[in-house]
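Heads up: the structure comes next, in structure tokens.
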Amino acid sequence: MDKKCEKCESSRIIKGKLIGYSGVVFIPENQKGIIKKSSAVMAYACKDCGSVFDITLEHPDKI
Ligand SMILES: [Zn+2]
């Protein structure tokens, strides 16, 4: 995997998960019911300029 920052083209990229107070998840807007399917959200961040990009569902197949 050879990712580059979209802003400054640095290759010092770290992969991580977007975490809020109790974890950030993506839930489809049109879902009905109490138990909703959701997926954690992964992202990449640049160590040089701080840009966060490539925000992606961890398990797009599960929603
Ligand atoms: Zn950068």
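Given (1) modelled with pLDDT of 85 or more; (2) within 16 Å of the ligand (Cβ to nearest atom); (3) not aliphatic (A, V, I, L, M), where does D2 come up short, assuming only one miss?
(1)
Restricting the search to the range 4-51, which residues are part of a strand (DSSP E or B), out of contact with any helix residue (DSSP H, G or I) (no Cβ under 7 Å at 6 or more places or on another chain) and touching a residue at least 24 places away in the same chain (Cβ under 8 Å)?
I13, I14, K15, G16, K17, F26, V41, M42, A43, Y44, A45, C46
The values are calculated or read from the model by the stated rules, or taken from the named source; none is laboratory data. Note that the structure is a prediction, hence the values are computed from the model and not measured. Heads up, the Cβs are rebuilt from the backbone with ideal geometry, glycines too, and the neighbour counts pull from every protein chain shown.
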